[in-house]
Amino acid sequence: MLRFRLMTAADLPFVMGLKRQAGWNQTEADLRRLLRLEPRGCFVAEWEAKPAGTVTTCVLGEVGWIAMVLVDEPLRGRGVGTALLEHALDYLERRRVATVRLDATAWGQPLYTRLGFVGEYEVVRYGGTPRCPAPGAPLVPYTPDLLPDLIALDRQVTGTDRRKLLAALFTEFPGPTCVVKEADAVTGYLSGRPGENAAQIGPGVAVSETAGRLLLGHALFCAVGPVFVDVPRANAAATDLVTSAGLVAQRTFLRMYRGRPVRDDPTALWASSGPEKG
Ligand SMILES: CC(C)(COP(=O)(O)OP(=O)(O)OC[C@H]1O[C@@H](n2cnc3c(N)ncnc32)[C@H](O)[C@@H]1OP(=O)(O)O)[C@@H](O)C(=O)NCCC(=O)NCCS
């Protein structure tokens with residue numbers, strides 16, 4: 001028998017086990033952040049009273065993101081994944097979001113298509129230890145007074161009010177967060193955080209190629225070991241920069257949505273946040 005309950009911090013060892021089974025990069029800090037951002041919207045499915053699978057949601061303005069869709073390998077193919085998705089969609093419907101979005105792996109795509117999700121664009125995960133020259137101009141380090149400008153710029157590019165996510169990430173990781181100003185206006189920012197298999201570069205947006213190249217170039221130059229960066233295929237300049245630095249495509253996600261389409265600009269998205277929040 002299948003039942004659902006809220007995910008809590010006590011479930012983190014189980015979630016980390018499933019995520020390692022799938023070879024994903026999230027750390028326990030990433031999972032704790034997901035729980036903090038949406039404490040009533042992260043769920044565990046139990047099959048015959050034992051934890052079998054997980055799903056998380058994150059409501060950002062009018063958009064609800066779904067992530068961490070994982071089912072324990074021996075229990076796959078009996079409807080647990082589909083039921084988890086339906087449970088998450090019920091929650092997001094109650095939260096009255098206009099759009100539900102997710103980044104689908106090849107495993108998840110058929111399931112999401114059956115539930116009415118439509119493909120939007122591809123996001124490619126690049127990985128490796130970068131070799132990159134120092135960028136040519138200094139960057140502005142993140143300080144909390146910049147937050148309103150960064151939220152506004154991010155909204156212009158992603159079509160989403162991501163303030164709760166950005167505030168959490170910048171507070172946790174002020175060090176890797178950098179900003180570019182051109183003619184006194186903020187034209188880009190890029191953040192980063194540790195990952196279990198490689199440091200995760202992102203999220204980051206830039207409305208000029210100069211700003212995007214400076215920010216991503218700086219992050220690649222500063223990397224002391226392997227990194228992952230998730231780049232929309234449509235952003236040719238970012239793709240050129242990461243491949244020139246020696247990073248190699250590892251996997252592709254298909255960004256999918258259900259409901260009202262979001263007007264975002266993937267050519268100005270230089271690094272996605274990782275598959276959990278776009
Ligand atoms: C993707 C994933 C969550 C699916 O979980 P699942 O529990 O196997 O999903 P379901 O059982 O609902 O559906 C899987 C298949 O089983 C079939 N199925 C569902 N209920 C069934 C049942 N009662 N009997 C037989 N088959 C069934 C479905 O039709 C589906 O068929 P498909 O392979 O043609 O798509 C799981 O494969 C997984 O954890 N993968 C690794 C992590 C990952 O990639 N997650 C997705 C992130 S976007």
Report, ordered by the first and then the second residue, all pairs with beta carbons closer than 8 Å, sequence separation of six or more or different chains, a first member in the range 92-106 that is open to solvent by 20 Å² or more (accessible area, probe 1.4 Å), and a second member that is away from the ligand (no atom under 16 Å from the Cβ) and assigned to a strand (DSSP E or B).
R95/V59; V97/V59; V97/V63; V97/G259; A98/V63; A98/G259
Only listed residue being within 23 Å of T252 (Cβ to Cβ) and either surrounded by fewer than 22 Cβ atoms within 10 Å (Cβ to Cβ) or within 16 Å of the chain's Cα centre (by Cα) (or both), chosen from A206, A198:
A198
Would you please name the residue that is nearest to the ligand (Cβ to nearest atom), looking only at residues in the range 25-45 that are free of Cβ contacts under 8 Å to residues at least 40 places away in the same chain and within 18 Å of R193 (Cα to Cα)?
L31
Selection count, the range 107-124, where residues are away from the ligand (no atom under 12 Å from the Cβ) and open to solvent by 10 Å² or more (accessible area, probe 1.4 Å):
6
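For the range 210-224, indicate whether the set of residues that are part of a strand (DSSP E or B) and within 22 Å of Q250 (Cα to Cα) is non-empty. Explain how you work it out, then say what you get.
Step one: filter the range 210-224 for residues part of a strand (DSSP E or B), giving none.
Checking the range 210-224: not a single residue is part of a strand (DSSP E or B) and within 22 Å of Q250 (Cα to Cα).
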Identify all residues within the range 183-192 that are of a type in the set (D, E, K, R) and modelled with pLDDT of 95 or more; write none if there are none.
none
Within the bounds of the range 38-55, is there any residue that is acidic (D, E) and either closer than 25 Å to F253 by Cα or open to solvent by less than 10 Å² (accessible area, probe 1.4 Å) (or both)?
yes
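The values are calculated or read from the model by the stated rules, or taken from the named source; none is laboratory data. These figures come from a predicted structure and were not determined experimentally. Virtual Cβ from ideal backbone geometry, glycine too; neighbours counted across all protein chains shown. Accessible surface is based on the protein model in full, side chains and every heavy atom, while ligands, DNA and RNA are left aside. Shrake-Rupley method; radii C 1.70, N 1.55, O 1.52, S 1.80 Å.
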